[in-house]
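Following: one structure in structure tokens, then a few remarks.
The numbers here are math on the coordinates, done by the rules we state, and not lab data. Owing to the predicted nature of the structure, the values given are computational and were not obtained by experimental measurement. A quick note on method: Cβ atoms are made from the backbone with ideal geometry, for glycine too, and the neighbour counts reach across all protein chains shown.
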Amino acid sequence: MNRPLSGVRVLDLTNVLAGPFCCHQLAHLGAEVIKVETPESGDLARQLGADASLNAKLMGVSFLAQNAGKKSITLNLKHAGGRAALLKLVATADALVENFRPGVMTRLGVGYATLKAARPELIYCAISGFGQDGPWVHRPAYDQIVQGASGAMAMTGDAASAPLRVGFPVADTVGGLTAAMAIAAALNARPRGCFIDVSMLEALIATMGWAVSNWLIAGQKPTPQGNENATSAPSGTFMAADGPLNIAANKEEQWRALARHLKREDLLSRSDFATREARKKNRLALKAELETTLAAKGAREWARELNALGVPAGAIFDLPDILAHDVIRSRGMIARFDDAPGVGRRIETLRTGVKIDGAAPAVEAPPPALGADTEAILTERGSVGDEIAALRAAGAI
């Protein structure tokens with residue numbers, strides 16, 4: 001398998017989602033990721049998820065979701081021995097990722113200046129809610145707070161339901177993807193070594209280019225449109241016989257093909273639907289007309305017919321349905337681990353949304369138990385049994 005980051009060592013000092021998701025991408029692309037965790041409790045995600053029994057074992061579903069293939073070492077960075085062990089690891093690392101509040105690493109005595117002195121080539125990536133400077137630098141940031149601040153919630157939903165949060169932690173995951181992209185780029189630089197500052201707020205806003213530019217350039221403030229596509233019509237969600245159906249007839253030829261297939265050529269001759277702008281203005285009337293015909297068949301049947309004509313359409317799946325579908329199962333996106341340590345049963349987790357030379361990048365090892373690799377990693381760095389025992393007795397590891 002093509003593993004483009006093979007030979008790269010990444011230290012993952014992150015918790016919960018944005019940082020672990022970043023390092024999840026890097027691990028699947030071949031990097032050796034060493035997760036540096038707090039003794040006793042580790043990443044907070046170990047205690048989060050829908051299975052309370054796994055939370056109690058510090059192998060929560062939220063942790064399992066994005067930590068496959070990583071190694072785990074426990075270091076107490078408030079202890080001199082823990083900090084010394086981290087510095088030894090940094091001397092061997094290509095990148096380090098942390099998502100503490102700005103200033104925390106410096107207060108612990110392992111800030112960027114200290115680590116850069118130990119490893120000038122280090123790529124140091126700090127992920128935070130609002131960046132390493134600016135007026136909100138010290139604000140706590142969770143995904144929902146960032147969604148609300150970004151403008152995304154204000155334009156999500158419809159007039160009755162907005163503001164509405166996206167149904168998964170989109171700010172965290174977009175922040176993690178942004179960080180992974182920046183680290184991968186920085187690994188290509190010569191000479192290596194830089195400080196990467198990822199603001200989850202800025203990362204999320206960067207994905208909203210159309211909405212942002214409509215305001216900055218055209219002076220049009222985005223408003224909640226529900227399931228309607230503000231740029232075209234008919235483009236949105238329509239009711240079929242058995243449930244909702246997405247149709248995106250964004251091109252003129254797609255609109256005409258749709259009307260003809262539905263045997264609604266009468267709509268093509270109406271002045272209120274004659275142009276894209278007219279259809280946008282009268283989208284609700286057009287939707288009502290189309291739904292009278294769409295009620296004759298089920299959403300998936302319509303989707304098959306319309307896609308065959310080149311009119312983009314699709315039934316709305318729930319998560320279990322799409323994960324069970326061959327469009328996902330046949331492409332290797334889901335990994336299975338038959339014996340995950342600390343779990344006691346088979347688990348399945350996601351890989352990434354990438355295929356390289358036709359194959360999904362994959363890690364071989366399941367998510368690690370807390371501190372499972374501490375002794376092996378310290379021994380690799382020259383520590384011996386008595387020294388490791390002393391560090392453990394002192395609470396440094």
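Electrostatic tally near GLU253: other residues with Cβ closer than 13 Å to its Cβ, Lys and Arg +1, Asp and Glu -1, net +3. Out of ALA257, ALA31, ALA68, any idea which swings most in a Gaussian network model of the chain, alpha carbons joined below 10 Å? With Cα springs under 10 Å in the chain, the top fluctuation among ALA257, ALA31, ALA68 is at ALA257.
Which residue, ILE34, ILE322, ILE217, has the most motion in a Gaussian network model of the chain that connects Cα atoms within less than 10 Å? Highest fluctuation among the options: ILE217. Sorted ascending by nearby beta carbons within 10 Å, beginning with the fewest, ARG256, ARG107, ARG83 become ARG107, ARG256, ARG83.
Projecting the Cα atoms of GLY236, VAL61, PRO368 onto the dipole axis of the chain, where Lys and Arg carry +1 and Asp and Glu carry -1 at the beta carbon, places GLY236 farthest toward the positive end. Here the stretch 110-206 is assigned +1 on the Cβ of each Lys and Arg and -1 on the Cβ of each Asp and Glu. Its dipole about the Cα centre then comes out at about 360 debye. The GluC sites (Glu not before Pro) of the stretch 27-79 that meet both conditions, a loop assignment by DSSP and at most 11 other Cβ atoms within 10 Å of the site Cβ, are GLU40.
As a length-normalised measure over Cα pairs under 8 Å and 6 or more apart, the relative contact order of the chain settles at 19 percent.
For THR292 and SER330, the FRET efficiency from 1/(1 + (r/R0)^6), where r spans their Cβ atoms and R0 equals 41 Å, is about 0.65.
Across the stretch 235-315, C-alpha contacts under 8 Å between residues 6 or more apart give a mean separation that, scaled by the residue count, equals a relative contact order of 43 percent. Semi-axes of the equivalent ellipsoid for the stretch 345-397, computed as √(5λ) from the eigenvalues of its C-alpha gyration tensor and ordered from largest down, come to 35, 14, 8 Å. For the stretch 235-315, a crude dipole built from +1 on the beta carbon of Lys and Arg and -1 on the beta carbon of Asp and Glu, taken about the Cα centre, is about 160 debye to the nearest 20. Charged side chains reduced to their Cβ positions (Lys and Arg at +1, Asp and Glu at -1) give the chain a dipole of some 520 debye around its Cα centre.
Residues TRP210, TRP215, TRP255, arranged from fewest to most other Cβ atoms within 10 angstrom of their Cβ, appear as TRP210, TRP215, TRP255. The alpha carbon convex hull volume per residue for the stretch 163-302 rounds to 172 Å³. Could you point to the residue in ALA149, THR106, ALA299 farthest towards the positive end of the chain's charge dipole, with +1 and -1 charges on the Cβ of Lys/Arg and Asp/Glu respectively? The Cα lying farthest towards the positive end belongs to ALA149. The stretch 1-31 and the stretch 65-142 have Cα centres spaced 15 Å apart.
Of the GluC sites (Glu not before Pro) found in the stretch 283-365, those that fall in a DSSP loop while having at most 16 other beta-carbon atoms within 10 Å are GLU364. Across the cross-link table entries LYS71/LYS116; LYS251/LYS287; LYS263/LYS287; LYS221/LYS251; LYS70/LYS355; LYS35/LYS355, which are compared at the Cα atoms, the separations over 18 Å belong to LYS71/LYS116; LYS221/LYS251; LYS70/LYS355; LYS35/LYS355. Structural descriptor for the stretch 296-397: relative contact order 14 percent, calculated from alpha carbon pairs under 8 angstrom and at least 6 residues apart. Build a GNM of the chain with springs between Cα atoms under 10 Å apart, and of PRO135, PRO224, PRO361 the one that fluctuates most is PRO135. Extents of the stretch 235-315, largest first, come to 31, 22, 19 Å (Cα atoms, principal axes, whole angstrom).
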